Amino acid sequence: MNRIFLPLAAVLLISGVTVIAFSQRPWLPRMDVVQPIPFSHRIHAGVNKIPCQYCHEYARRSENAGIPPVERCVGCHGSGIVGGIQPVTRAWNNHAQPPFEIRWNRVYTLPDFVKFWHSPHIHAGIQCQQCHGDVQNMDRVVPVKEINMGFCVECHTQRKASLDCVSCHH
Amino acid sequence: MPEGLSRRSFIKLAAAASAAAAVPGCEPAARKLIPYVVPDENVLPGMPSYYASTCAECPAGCGIIATVREGRVTTLAGNPADPIGAGAICARGQAALQGLYNPDRLADPMLRGDGGKLTKISWDAAEKLLTDHLGAAAKAGQNRVAFLGAPQGPSFAKITRAFLGAYGSNRTTFYEALENEAARNAAETLFGRRDLPIYKIDQAETLISFAADFLETGSSPVELARQYADFRAPKTRRGQLTIGRSFYVGPRMSMSAAKCDDWIPSMPGAEAQVAWSVLHVLVAQRWIAQNSGLDLNALTTMVAAYDPAAVSQRTGVPADKINAMGAAFGRADGAVAMASGDDEALHLAAYMLNAATGNLGRTMLFLDGAGVEPVTTASDVNAAMAAMRDGKVDVVVINGANPVFTMPPSMRAAESLQRVGFVVWMGTVPDETANMASLLLPAHHPLEAWRDTAPRPGVRGLGQPVMQPVFASRAAGDIMLAAAAKAPQAKIPWQSSADAVKAEWLALAPQGASHDAQTEFWTKVRREGGLYTEAKPMAVKLSTASLKTPPPGDGTSQGLTFVAFAHIFLYDGRGADKPWLQEIPEPVTQIVWDSWAEIHPTTAAKLGIAKDELIELRTEHGAIEAPALISANVHPGAIVVPLGQGHRAYGRYASDVGANPWKILAAGSLRIAVSAKGTGRSRRLISPLGKSDMLGRSIVEAMSLDELRHGGEPEAPLAPEPYEMYPPFPYPNHKWGMTIDVNSCTGCSACVAACYAENNLPFVGKELVDQGRIMSWIRIERFFPEDKDNAPNLYLAPMLCQQCNHAPCEPVCPVFASYHTQEGLNGQVYNRCVGTRYCENNCPYKVRRFNWFVPEWPAPLNLQLNPDVTVRGAGVMEKCTFCIQRIQHAEINARDDDRALKDGEIVPACAGACPARAITFGDMNDQQSAMMRRRDDNNARNYLMLEELNTQPAIVYLRDLYRVKGKA
Amino acid sequence: MAAALQEPTTPTFRDIDRGVLRVMDFPGMAYWIWIAFCFSLVAIAAILWTRQIYEGLGVTGLRQPVMWAIYITNFVFWVGIAHSGTLISAILYLFRTRWRTAVYRAAETMTLFAVATAGLFPMIHLGRPWFLYWLLPYPNERYLQPNFRSPLVWDAFAVSTYLTISALFLFMGLIPDVANAREHAQGWRKKFYSILALGWQGTDRQWHHFAMAYLLMAGLATPLVISVHSVVSWDFAMAQLPGWHSTIFAPYFVAGAIFSGVAMVMTLLIPMRKWLHIEDLVTPWHIDSLAKIVLLTSLVVSYSYATESFMVWYSGDKIEQMTFHMRYFGPWGWIFWVMILCNCLIPLVLFSPRIRVNMKALWIISIFVNIGMWFERFDIIAGSLTTNFNPAQWHFYTPSITEIMITVGSFAWFLGLFSLFAKFLPIVSMTELKEGIGFLRQAIRKGSSTSA
């Protein structure tokens, strides 16, 4: 008896583990992401009430929300109104990376076979917080929701949005 | 902030994004996010940007629009503003991408040390070396520096001349291997000008092609394919529904021949006789137009020797065929004759036919303001080579041409180059010529460089770079200008080729335009990809003074003649380094990754040659070997081999594939007497095609003109309710469908190439094609007719997923990976597929493809991958979904600016590429969509593939049209 | 004459026990070499499969348009083999057929291992085997369920059910015998048998319940004999491919399954009764009865072939007719004719009673039947896929070494497991032999009078 089921079980187990190890991990929420500069969303979005799309300006027009160009930071900080330039330039004193370039670490990642677009969600009036959590209260952004298919499907079902597989998988 | 930085981060983003796109489904995306320092307002990350440019893959010079994603060009499409391509583009044009991203491109300057070993050197060292040699050569005397290369547009010509001038030389040789010089000479004889005429097939009612493959490799295949589709479209003439009448006279049934009503096999070289004989018929029947200004008596004497009976007796071409051609041509309201080849008498005859029937200026016209001939004449090329051999040249700079490969032995290219002290090669993938060079410089691919074209009066194409260079290469023009600037008595007006091109174009701006107007003009032409004006046809006067007719003996030899022809994809061999072009089956023979010797069964029997046996073809110039393709589609007196293969260098995809016909040809001609014998050894010709016999199944359908006139049998509507076991699909919004006109389709396979580019289809190579692992989602299905007289010469039609309403593939999938979308597509969810392959088993059309291995794109080919399409991993089934990614984007964009989708807003890659506009895509719910209207307008020709299976395809084909042989 | 009148008194219960338990003595060298041989072949197959998973299905000979070939053939073949077991043990039990007593244990064992082998192949042939569990309905965050319209999902249910039932049935029947064996065994075997015996004491209550439960199990197992292979046949019949799309498939496949299954029982029993010296427990009379079933099912199968071909001709469906023309006279025609020879012609000799008790002849015939049935499945699967609707996609398939070695491995795997069972568990049911001892005694007499 065992002689049959143990190998089968083993095969299933091994393949299962491999799948989990190699396919799922990479886009599980990563709580450990530390950014190159101590940028605080709480201060910007929370205290100073800067709207998300002031910096993430592509969200309403494009697939990805976009990371604000350094020019945008300097727009306020450089003008001497707030904070001064130091918070922005701090990263550039770090010689590990090229000057005038902030290499942010991804917090949210989706696999290649999921084609997510920000713009339609913005146009549908979804609040950023709905997926990204209350970023305005976070100093360091960490994912609060696990962005998996169930998460998408639930919301799409409630809002009668498309449930066609190919809308996201093509 | 310095602008360079933003570009750097830009490229970084590009690298990251491409890395993300390149890896198979289960890999994590890029980990870093690097924002611009200063945002580029023209680029919206995540959204494609488009650049208009000009195709440099052949002299036709079609306008193209490049789709650029995060700094990488991913696909090329035709530029609608350009009158030549008019929004379409051929397979060769699309494959330019694989030239750009070719993994075998030269990455750094290389110096050939003693022993022929190449050593990497820096650009500075290379430039110094170059200028030193040039300087020395200039000191040694006049004209000791030479340029040898392909014509690359007016600006480039100027740069070259300036460069040579700086070093006291004027040895510019612009060399095109397949230049049609005989046609120019003939034009000079008759009309006193050396530019090639423009053809307007769509203005004609009858067409005769004398061995001119105008649909594949003629002067402008995309344009002529479009015109031919129009020419063949059903029209009412003299109160009767009819289509253009076309003949093809030549030794081989090419794709063009197959699409003509009659393919009239003729001995190679006998075409001229036949052509003059057709003229004889016109004269005899007094079908000479008054306005032709030709003296009937003079003509009569001129064509006396070509009475159809006599010609038929000499050449074996049936006299009634010749008379039929004459009648169709003479009676036609608008006719056009085209010729190709090295036989001047043939071109003269073709011109005369057009002129005599008053079609000069109507179907064949010379445009006003033709520029200087871009190409050096054969005699001058020979002189240039001779000069090298005689040691008159110290430095030769080669760019864009591969003389060692494309020059017949008698031109002694290799020997000539050996005699030159210092050979500088500038290019992308090192080829046979590069192997002779002492200094190899990586040059920009045309898509990376500034350039322009002037294919014809009224059309100026601007070639602007569509992306940052992939390698550390430099524009050939820049290299020459840099060298020129260092010359002692140099006075070069431009800093770079970009300057040169801009200067050239600002000169085209309206006279006396202000600076602002000029800037505006410059922006405009860059946006539109060129300057397109209407060039007036020019009245040319015909002089038959120095007209010479062919000696009646021509083409009547009884021996075997070897004929080489330009391969539809590989052309003169420049396509061979691009895996797409190697892997897309040649439409007529369906052969991939090899060259073949097409031979008639009787000849094969006579020579005792078996299928796939290697034939040794020997002429006075040498010998080559190619596997025998025994087929009735070639004249018994000819053995036909395509050009383009037989490289011994030119990258991993081209080298050591097939044989190079130029090795046994004489200079300036593509045919020669040959002795052939079997070698006993054999090499199997590889084709993804199974049987060529349709076995009477309704896959590609055709109908005769009579049937069309009697209305054919109109297509029955889709199966009514009683057939439905499950409730029918609602399709609340859209139901996507296609209409494909088989009558327009020429088989050129532009759609196939477009699909490869758009949908990240991997190429698999010869062995795997043989093992049935080719990955194309769309292919040209080719069948031979069973009843030759009552059918088209070939059945050719694009076969792709039919997006059935009753899809056999859907219910059998255990995991819903294959399922019916809400818009009527047979969706395939790659990440859900477990790979049971049941769907493909149950697909009657066999259009699904399985990933047998993990697909591979040797870097940097992976940069071409389209980020909107998942890259499939091993063990997954994949298929055509009418470019679902384009549909999704269009719908999202429409929703984002709260409007309904417009008809024609979505264009799948195949439909966009089709030069003949055979494919129309649209919404079946919208009766007014162009696609549905096309169905209704051609109701009599509608048919569904394998309709009896009641799969209810979303693709309606329009039957091919043919004339019953032997009927006018 | 006189001998004929008086009741034979041998063998006695003791003889039966001794006969069966002697088989379970500690095995000799030859046995272990055989086992080692089998499982080294299995190891080779396993290595090749690992490579296939790693590199992709490209290592097989599969291609456009032949997406299924040897793997699925093996699947159908082994599921078919599995059938006779349940037929003999369950259905014949309900019919109270006497001769089954000696052979049903072996048949059931064969069933279990055959299903186990068959169950491997859907996994082996999958493009992404690690997602096999997606074919089963289970709660998941994606709200995704399998497609219950797909015959492959039906398969998953049918085969797993069949595996469970046949396993339970076998081990239940074993209980009294392992208990018996427990009494005579020492060392680890004693422990092993005591576990399997589930504390069987042989009390009247236990016997009473056992009989009832066994009857119920038999009733439960019976419909499976029909259902499983019908479902398997629908993998093909539900597709519209010419050569697959046929309503006759279900009965035709079931008959074929019993045919090949019983043949396989003979292939296994005949050498076994010799090597294990149980000739006087499994007598020519038993084998003869098996031979009769083979003959019957062979006739049914032949009839099915005839009907299938007739319908193709009668339907007037050109495409279907072309497919069958290819099947008979195409490049692969020889496979079809081999199949006809093995499945329809050779078994006809079983009409002769003398052949039916000639062990050598029977054994050779049964081998032929197995070959024939394997080819039948291969011809239906690969052949039909080759001659599909679109002639432009007609291509022939040639198996790769990977496929061949995995097939060989599957046979080794099956035989290895069976051999282990035969040596370590009672391969002949003592209990039931004792129940029907009178018939056994007569059988031996018949056997000795008829068999040479």
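The values are calculated or read from the model by the stated rules, or taken from the named source; none is laboratory data. It should be emphasised that the depicted structure is a prediction, and the values quoted were computed from it without experimental measurement. Counting neighbours? That spans all protein chains shown, and the Cβs are built from the backbone with ideal geometry, glycine included.
Points to keep in mind about this one:
- Going through (1) closer than 30 Å to B:A487 by Cβ; (2) within 20 Å of the chain's Cα centre (by Cα) one by one, B:Q142 falls short only on (2).
- Just one of the numbered conditions (1) within 11 Å of chain C (Cβ to nearest Cβ); (2) under 29 Å from B:G904 (Cα atoms); (3) surrounded by fewer than 24 Cβ atoms within 10 Å (Cβ to Cβ) is not true of B:A890: (1).
- Qualifying position, being crowded, with 24+ Cβ neighbours inside 10 Å and under 31 Å from the mean Cα position of the chain (by Cα), among B:A916, B:A859: B:A916
- Complete set of residues in region C:126-183 that are closer than 25 Å to C:F77 by Cβ, of a type in the set (A, V, I, L, M), in a helix (DSSP H, G or I) and more than 9 Å from chain B (Cβ to nearest Cβ): C:A158, C:V159, C:L163, C:I165, C:A167, C:L168, C:L170
- Count - residues of region B:209-221 that are buried (at least 24 other Cβ atoms within 10 Å of the Cβ) and in contact with a Leu (Cβ under 7 Å, 6 or more places away or on another chain): 4
- Some residue of region B:231-239 being more than 26 Å from B:M538 (Cα to Cα), in contact with a Lys or Arg (Cβ under 6 Å, 6 or more places away or on another chain) and modelled with pLDDT under 95: no
- Taking the criterion of being surrounded by 23 or more Cβ atoms within 10 Å (Cβ to Cβ) and not in a strand (DSSP E or B), the residues of region B:46-57 that qualify are B:C55, B:A56, B:E57.
- One residue from C:F75, C:F113 being assigned to a helix (DSSP H, G or I), away from chain B (no Cβ under 14 Å) and closer than 21 Å to C:G256 by Cβ: C:F113
- Looking across B:A503, B:A487, one residue alone is more than 21 Å from B:G400 (Cα to Cα), in contact with a Phe, Trp or Tyr (Cβ under 7 Å, 6 or more places away or on another chain) and modelled with pLDDT under 90. It is B:A487.
- Condition broken by B:A605, with the remaining ones in (1) surrounded by 24 or more Cβ atoms within 10 Å (Cβ to Cβ); (2) more than 30 Å from B:V764 (Cα to Cα); (3) of a type in the set (A, V, I, L, M) satisfied: (1)
- Contacts under 7 angstrom Cβ, first residue in region C:353-365 being in a helix (DSSP H, G or I), partner of a type in the set (G, A, S), 6 or more apart: C:I355/C:A361; C:R356/C:A291; C:L362/C:A291
Conditions (1) in contact (Cβ under 8 Å) with a residue 60 or more places away in the chain; (2) surrounded by 24 or more Cβ atoms within 10 Å (Cβ to Cβ); (3) within 11 Å of chain C (Cβ to nearest Cβ), marked per residue:
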site	(1), (2), (3)
B:D789	yes, no, no
B:Q803	yes, yes, no
B:E810	no, no, yes
B:Q822	yes, no, no
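- Members of region C:46-72 found to be of a type in the set (G, A, S) and either buried (at least 23 other Cβ atoms within 10 Å of the Cβ) or within 14 Å of chain B (Cβ to nearest Cβ) (or both), listed by number: C:G56, C:G58, C:G61, C:A69
- Within region C:314-336, none of the residues are within 18 Å of C:Y252 (Cβ to Cβ), in contact with a helix residue (DSSP H, G or I) (Cβ under 7 Å, 6 or more places away or on another chain), among the polar types (S, T, N, Q) and without any contact (Cβ under 8 Å) to a residue 24 or more places away in the chain.
- Test for C:L417: is it outside any loop (DSSP other than H, G, I, E, B), crowded, with 23+ Cβ neighbours inside 10 Å, within 10 Å of another protein chain (Cβ to nearest Cβ) and touching a residue at least 12 places away in the same chain (Cβ under 8 Å): yes
- Of A:S79, A:S23, A:S119, all but one fail to be at pLDDT below 85, of a type outside the set (A, V, I, L, M) and buried (at least 16 other Cβ atoms within 10 Å of the Cβ); the exception is A:S23.
- Given (1) in a loop (DSSP other than H, G, I, E, B); (2) among the charged types (D, E, K, R); (3) modelled with pLDDT of 90 or more, number of the condition B:E713 does not satisfy: (3)
- A:R140 falls short on exactly one of the conditions (1) touching a Cys at 6+ places or on another chain (Cβ under 9 Å); (2) under 24 Å from A:F39 (Cβ atoms); (3) modelled with pLDDT under 90, and that condition is (1).
- Some residue of region C:65-77 being closer than 22 Å to B:E878 by Cα, in contact with a Gly (Cβ under 9 Å, 6 or more places away or on another chain), in contact (Cβ under 8 Å) with a residue 40 or more places away in the chain and not small (G, A, S): yes
Okay, residues lined up against (1) buried (at least 21 other Cβ atoms within 10 Å of the Cβ); (2) in a helix (DSSP H, G or I); (3) aromatic (F, W, Y):
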{"position": "B:G269", "(1), (2), (3)": "yes, no, no"}
{"position": "B:L282", "(1), (2), (3)": "yes, yes, no"}
{"position": "B:R286", "(1), (2), (3)": "no, no, no"}
{"position": "B:T300", "(1), (2), (3)": "no, yes, no"}
{"position": "B:A309", "(1), (2), (3)": "no, yes, no"}
{"position": "B:V317", "(1), (2), (3)": "yes, no, no"}
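- Residues within region B:596-624 that are assigned to a strand (DSSP E or B) and farther than 13 Å from B:F562 by Cβ, tallied: 2
- When region A:135-153 is limited to residues that are exposed (fewer than 14 other Cβ atoms within 10 Å of the Cβ) and away from chain C (no Cβ under 14 Å), the one that is nearest to B:E891 (Cα to Cα) turns out to be A:N137.
- Subset tally (residues that are crowded, with 16+ Cβ neighbours inside 10 Å and either touching a residue at least 12 places away in the same chain (Cβ under 8 Å) or among the hydroxyl-bearing types (S, T, Y) (or both)) for region B:893-904: 2
- Options C:T86, C:T111, C:T101: the member that is in contact with an Asp or Glu (Cβ under 6 Å, 6 or more places away or on another chain) and not small (G, A, S): C:T101
- Evaluation of B:A91 against (1) buried (at least 20 other Cβ atoms within 10 Å of the Cβ); (2) over 35 Å from the mean Cα position of the chain (by Cα); (3) among the aliphatic types (A, V, I, L, M); (4) farther than 15 Å from B:V397 by Cα (one fails), failing number: (2)
- Looking only at residues in region B:523-542 that are basic (K, R) and more than 25 Å from the chain's Cα centre (by Cα), the one that is surrounded by the fewest Cβ atoms within 10 Å (Cβ to Cβ) is B:K541.
- Pairing each residue of region B:229-250 that is in contact (Cβ under 8 Å) with a residue 24 or more places away in the chain and buried (at least 19 other Cβ atoms within 10 Å of the Cβ) with any residue that is in a loop (DSSP other than H, G, I, E, B) and acidic (D, E), provided the two are 6+ apart or on different chains, yields C-beta distances under 7 Å for B:G244/B:E205; B:R245/B:E205; B:R245/B:D261; B:S246/B:D261; B:F247/B:D261.
- Wholly enclosed helices (runs of 4 or more DSSP H) of region B:867-968 bearing at least 3 residues among the polar types (S, T, N, Q): B:884-896
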